[in-house]
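Structure first, then comments.
The values are calculated or read from the model by the stated rules, or taken from the named source; none is laboratory data. Predicted, not measured: the structure shown is a model, and the values here were computed from it. Here the Cβ positions follow ideal geometry from the backbone for every residue, glycine too, while neighbour counts run over all protein chains shown.
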Amino acid sequence: MLLGAVLAGGRSRRFGSDKAMALHHGKPLLAHAAEAVILCGRTMAGFIATAFAQETAADAKTQWHKVADQFRPTVPKLATLMDTAEEDVLAYMSFPPQHRTKLHSTNPLERVNGEIKRRTDVVGIFPNEDAITRLVGAILLEQNDEWAVQRARYMTLESVAQLSDDPLVTLPQMAA
């Protein structure tokens, strides 16, 4: 009812002023409505987050379906969105557990992109496309070398080997 009064909004001859700005317990109705929407969003996000707390991919999918089914009667658009997004959202669950915490962040990629932007801005104008390719390739090779020798690597070769069909995982030979 509160949200209905706010959404109706505007001045009313019978009410005498803007309904959204009418005070209720010392605050405008619009402020109460905004708090209700934020609280509702946080509650829904909390329900959805329960799928991410599961240990296995099967458990996460089961929980995802349970949450979507709970939303279906009251928020059908959200439930439909959850149905269509399920595969993409839960794709990280197919990786080993030690990788999952690292996959949610794009910080390493953003750092590399920032470095590429910084160095290309320094050059300004490139004579041709090959020059851009050489510079960006050199930056990516440098970043690869840094990641390969880091003591606490983002993802170790041993943990990535679990994802491979090839049991022998080694670094490629460097070009001479």
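Scanning for something farther than 30 Å from Trp147 by Cβ, in contact with a helix residue (DSSP H, G or I) (Cβ under 9 Å, 6 or more places away or on another chain), assigned to a helix (DSSP H, G or I) and aromatic (Phe, Trp, Tyr), does region 90-101 turn up at least one residue? No; the residues of region 90-101 include none that is farther than 30 Å from Trp147 by Cβ, in contact with a helix residue (DSSP H, G or I) (Cβ under 9 Å, 6 or more places away or on another chain), assigned to a helix (DSSP H, G or I) and aromatic (Phe, Trp, Tyr).
Tell me, yes or no, whether region 18-32 has at least one residue that is loosely packed, with under 15 Cβ neighbours inside 10 Å, modelled with pLDDT of 65 or more, among the aliphatic types (A, V, I, L, M) and in a loop (DSSP other than H, G, I, E, B). The answer is no; no qualifying residue exists.
The set of residues in region 117-156 that are under 23 Å from the mean Cα position of the chain (by Cα) and at pLDDT 90 or above contains only Lys117. If you filter region 49-61 down to residues that are free of Cβ contacts under 8 Å to residues at least 12 places away in the same chain and loosely packed, with under 13 Cβ neighbours inside 10 Å, you find that the one that is nearest to Lys102 (Cα to Cα) is Ala53.
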